[in-house]
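Have a look at the structure below, then the notes.
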Amino acid sequence: MAHPPSTVPPFLGVSPPVNVDPPTEAEREATRHLEAFLKEAGSYESEGMSAARVKVIAKLQRMAEAWCEDLHGKAGSCPAAAPRSDALSRLATQAASNDRDGSTAHPPAASLPSLPSEPRQASHPKPLLLPFGSYRLDCHDPTSDLDLLLVLPRGLASRADFFQDFAGRVLRHHSGVSGLCPVPEAYTPVLKFRMDGLAVDLLFVALHGAEGGAKGGGELSGADLLDPSFLRGLDEWEVRSLNGVRVAEAILRLVPEPAAFSLTLRALKLWARRRKLYSSVLGFLGGVNLAILAAFVCQKYPLATPATLLLAFFRVYARWPWPSPAHPVLLCPLPPPPHPACAHLSSWTPSPAAGTRPLPPSLMTIVTPTFPAMNSAHNVGLPQLRRLQEELRRAESLTRPWLLDPRHLRRLQGGWRAL
């Protein structure tokens with residue numbers, strides 16, 4: 001059925017949509033059944049746990065602020081700053097006081113414009129604590145880690161300071177922190193720990209321009225970091241640390257309806273976990289892989305409900321010509337180097353330029369939508385790919401009748417469990 005152009009979302013992606021029909025009542029009902037099933041399956045966390053995540057972010061924000069105040073005082077660049085011992089002892093007093101405070105209602109993670117922190121006067125820029133991963137994409141469940149990036153102005157602290165001073169002196173002595181595990185030599189350097197029982201993966205980057213705030217004034221947000229000028233002077237470890245935030249923000253900009261995308265991705269994560277397919281460490285798919293794959297389907301069906309998007313996902317990828325490298329999953333045209341200072345950063349391309357070292361061949365090519373582009377599925381092995389293809393074909397065979405005949409959608413309440 002032809003659809004009025006005024007209600008069709010803007011063209012997103014590298015090719016036009018394949019279907020812009022409006023959803024039927026059967027498709028809306030199927031989505032209600034899907035959401036009810038996800039709640040029954042424990043895919044949503046409680047309001048109390050959601051509030052606990054926000055509280056952990058607030059605590060880490062205050063700890064980062066106290067650490068930065070300390071650094072400014074040590075450097076002598078902020079004469080009004082408190083001595084080192086005063087800044088951190090004040091933090092300990094604040095933490096004890098805040099633990100006694102009650103909780104208040106908070107907006108959902110995907111709509112947070114800035115992170116909560118106690119108002120205080122400061123004569124220097126505050127550090128930024130930015131969420132990414134499942135929390136930013138609003139598809140986290142009770143078992144999800146909290147992925148955060150700490151951003152400081154360039155020159156205030158180094159990566160070594162973060163892993164030695166912030167981890168060893170600030171985090172290690174906080175009563176709510178346990179299981180502290182710095183991994184500075186990882187492909188993406190990370191601090192792993194638990195705060196108040198919640199698993200946290202904390203990354204770090206120091207940026208040129210972070211002290212200047214957003215272009216329109218005020219604090220930087222994750223979306224501001226899509227500006228490629230922030231890549232100036234960064235090494236590959238720093239770029240990878242920054243990429244989590246940049247990729248999450250780019251994905252949310254590249255899907256027609258973020259809420260439909262988030263619900264679809266939440267369902268896909270549950271499917272992948274239950275079918276033992278959710279582990280990038282073991283050569284299967286991780287969160288960023290599923291997010292890009294789901295976003296691509298959202299672009300092809302911009303008006304579809306999450307139930308229809310889930311069925312379309314299995315139909316599209318059960319037929320995808322893996323392992324052919326000639327058919328990458330792309331959400332946008334490949335961005336060129338934004339600045340000569342970024343020319344040293346290697347970016348994924350279908351065919352390497354003359355004189356450059358070719359990247360090793362991959363069985364699956366799922367490309368991140370920011371510069372430098374990376375194949376997020378580079379570690380998928382042949383046995384894992386075969387298993388993924390078997391599971392996609394199984395899911396597609398189960399759901400094909402529902403997608404081809406909308407009347408079957410009304411019987412989906414029990415069908416979701418069969419997946």
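Things to note:
- His174 vs. criteria buried (at least 21 other Cβ atoms within 10 Å of the Cβ), assigned to a loop (DSSP other than H, G, I, E, B) and in contact with a strand residue (DSSP E or B) (Cβ under 9 Å, 6 or more places away or on another chain): no
- Looking only at region 209-241, and only at residues there that are open to solvent by 60 Å² or more (accessible area, probe 1.4 Å) and within 20 Å of Thr188 (Cβ to Cβ), the one that is modelled with the lowest pLDDT: Arg232
- Test: residue in region 324-341 that is at pLDDT 95 or above, under 23 Å from Leu225 (Cα atoms), open to solvent by 30 Å² or more (accessible area, probe 1.4 Å) and not in a helix (DSSP H, G or I): yes
- The residue that is modelled with the lowest pLDDT, among those in region 6-16 that are within 26 Å of Pro369 (Cβ to Cβ) and open to solvent by 50 Å² or more (accessible area, probe 1.4 Å), is Thr7.
- Meets criteria (modelled with pLDDT of 95 or more, aliphatic (A, V, I, L, M) and over 23 Å from the mean Cα position of the chain (by Cα)) for Ala318: yes
Here is a yes/no grid of residues against (1) in contact with a Lys or Arg (Cβ under 8 Å, 6 or more places away or on another chain); (2) modelled with pLDDT of 90 or more; (3) loosely packed, with under 13 Cβ neighbours inside 10 Å; (4) among the charged types (D, E, K, R):
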{"site": "Glu29", "(1), (2), (3), (4)": "yes, no, no, yes"}
{"site": "Lys39", "(1), (2), (3), (4)": "no, yes, yes, yes"}
{"site": "Ser46", "(1), (2), (3), (4)": "no, yes, yes, no"}
{"site": "Ser50", "(1), (2), (3), (4)": "no, yes, no, no"}
{"site": "Pro79", "(1), (2), (3), (4)": "no, no, yes, no"}
{"site": "Asp86", "(1), (2), (3), (4)": "no, no, no, yes"}
{"site": "Ser89", "(1), (2), (3), (4)": "no, no, no, no"}
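- Within region 26-44, the set of residues being hydrophobic (A, V, I, L, M, F, W, C) and under 12 Å from Arg417 (Cα atoms) comprises Leu34, Ala36, Phe37, Leu38, Ala41.
- Summed over region 392-402, the residues that are modelled with pLDDT of 95 or more and buried (at least 19 other Cβ atoms within 10 Å of the Cβ) give a count of 1.
- Residue within region 265-277 that is within 23 Å of Asn379 (Cβ to Cβ), open to solvent by less than 20 Å² (accessible area, probe 1.4 Å) and of a type in the set (Lys, Arg) present: yes
- Qualifying position, being closer than 30 Å to Pro22 by Cβ and under 16 Å from the mean Cα position of the chain (by Cα), among Leu285, Leu254, Leu242: Leu254
- Test: residue in region 272-279 that is within 17 Å of the chain's Cα centre (by Cα) and either assigned by the TED database to the domain that holds His339 or part of a loop (DSSP other than H, G, I, E, B) (or both): yes
- Residue pairs whose Cβ atoms lie under 7 Å apart, separated by 6 or more positions or on different chains, with the first residue in region 379-391 and touching a residue at least 60 places away in the same chain (Cβ under 8 Å) and the second of a type in the set (D, E, K, R), are Glu391/Arg275.
The values are calculated or read from the model by the stated rules, or taken from the named source; none is laboratory data. All figures in this text were calculated on a predicted structure; none of them were measured in a lab. No Cβ is skipped: glycine too gets one built from the backbone with ideal geometry, and neighbour counts run over all protein chains shown. In case anyone asks, the SASA skips ligands and DNA or RNA and just uses the protein heavy atoms, side chains included. Shrake-Rupley method; radii C 1.70, N 1.55, O 1.52, S 1.80 Å.
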